[in-house]
1. Please work out if V79 is modelled with pLDDT of 90 or more, surrounded by fewer than 18 Cβ atoms within 10 Å (Cβ to Cβ) and either of a type in the set (F, W, Y) or not in a loop (DSSP other than H, G, I, E, B) (or both).
2. Being surrounded by 15 or more Cβ atoms within 10 Å (Cβ to Cβ), modelled with pLDDT under 90 and not in a loop (DSSP other than H, G, I, E, B) narrows it down to one residue among I37, I90, I45; which is it?
3. Do the conditions hold for I73, that is, is it touching a residue at least 24 places away in the same chain (Cβ under 8 Å), touching a strand residue (DSSP E or B) at 6+ places or on another chain (Cβ under 6 Å) and either assigned to a strand (DSSP E or B) or open to solvent by 40 Å² or more (accessible area, probe 1.4 Å) (or both)?
4. Of all residues being at pLDDT 85 or above and part of a loop (DSSP other than H, G, I, E, B) in segment 1-34, which is surrounded by the most Cβ atoms within 10 Å (Cβ to Cβ)? Just the residue, please.
5. For a quick check of your reading of the model, give me the residue pairs whose first member lies in segment 108-132 and is within 12 Å of P83 (Cα to Cα), whose second is aromatic (F, W, Y), with beta-carbon atoms closer than 6 Å and at least 6 apart or on different chains.
6. Which residues, counting only those in segment 122-132, are surrounded by fewer than 15 Cβ atoms within 10 Å (Cβ to Cβ) and at negative phi?
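The values are calculated or read from the model by the stated rules, or taken from the named source; none is laboratory data. These numbers were taken from a predicted model, which means no experiment stands behind them. Heads up, the Cβs are rebuilt from the backbone with ideal geometry, glycines too, and the neighbour counts pull from every protein chain shown. Each accessible area value is taken on the protein alone, full model and side chains, heavy atoms only, with ligands, DNA and RNA left out. Shrake-Rupley method; radii C 1.70, N 1.55, O 1.52, S 1.80 Å.
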Amino acid sequence: MADGKELFKPFKNKQMKVLINDCWGGFGFSTKFEDHINSITDSLINKHELSARHNQFLVEEAIKFGLDKASGICAELIVVDIPDGCEYNIHEYDGMESIDNIWIEVSKEDLSNGLSEDQMNMVLKGCSIKLK
């Protein structure tokens, strides 16, 4: 069984992996993959957090299980990398998905005083700036 600390640790490579669907139909997991996840997690895990597209545990398990076998009946799951710490939108059209916007939120004060080194690094990696 995996514990909560192991499930939600941040990525060390400063890239966040996000699961999206790459075909017409819709995002979803196969029953076999859902059964696999249920068999290795305990009931104390918040299933809503576990279903987050960027949950490292879920992404790694889908990769190990095989993305083709983890994909639901009308899905073809792929992994997309985005800069760690950025917010993102998933654009969906008839089930096919893409990441169409990544950003960080900063206050006007932060912007006028200058971005922190971490914020600047995220911008340099492709994140837009959104005012809080």
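1. Judged against the criteria, V79 is a match.
2. Values: I90 fails: modelled with pLDDT under 90; I45 fails: not in a loop (DSSP other than H, G, I, E, B).
Sole residue among the options that is surrounded by 15 or more Cβ atoms within 10 Å (Cβ to Cβ), modelled with pLDDT under 90 and not in a loop (DSSP other than H, G, I, E, B): I37.
3. Details: touching a residue at least 24 places away in the same chain (Cβ under 8 Å): yes; touching a strand residue (DSSP E or B) at 6+ places or on another chain (Cβ under 6 Å): no; either assigned to a strand (DSSP E or B) or open to solvent by 40 Å² or more (accessible area, probe 1.4 Å) (or both): yes.
So I73 fails the test.
4. At the first step, the residues of segment 1-34 found to be at pLDDT 85 or above are 15-34.
Then drop every residue that is not part of a loop (DSSP other than H, G, I, E, B), which leaves 22-28, 30.
Working: D22: 18, C23: 15, W24: 12, G25: 16, G26: 15, F27: 20, G28: 17, S30: 18.
Checked segment 1-34; the qualifying residue surrounded by the most Cβ atoms within 10 Å (Cβ to Cβ) is F27.
5. Qualifying pairs under 6 Å: C127/W103; S128/W103.
6. We begin by selecting, within segment 122-132, every residue surrounded by fewer than 15 Cβ atoms within 10 Å (Cβ to Cβ); these are 124, 126, 128-132.
Within segment 122-132, L124, S128, I129, K130, L131, K132 qualify.
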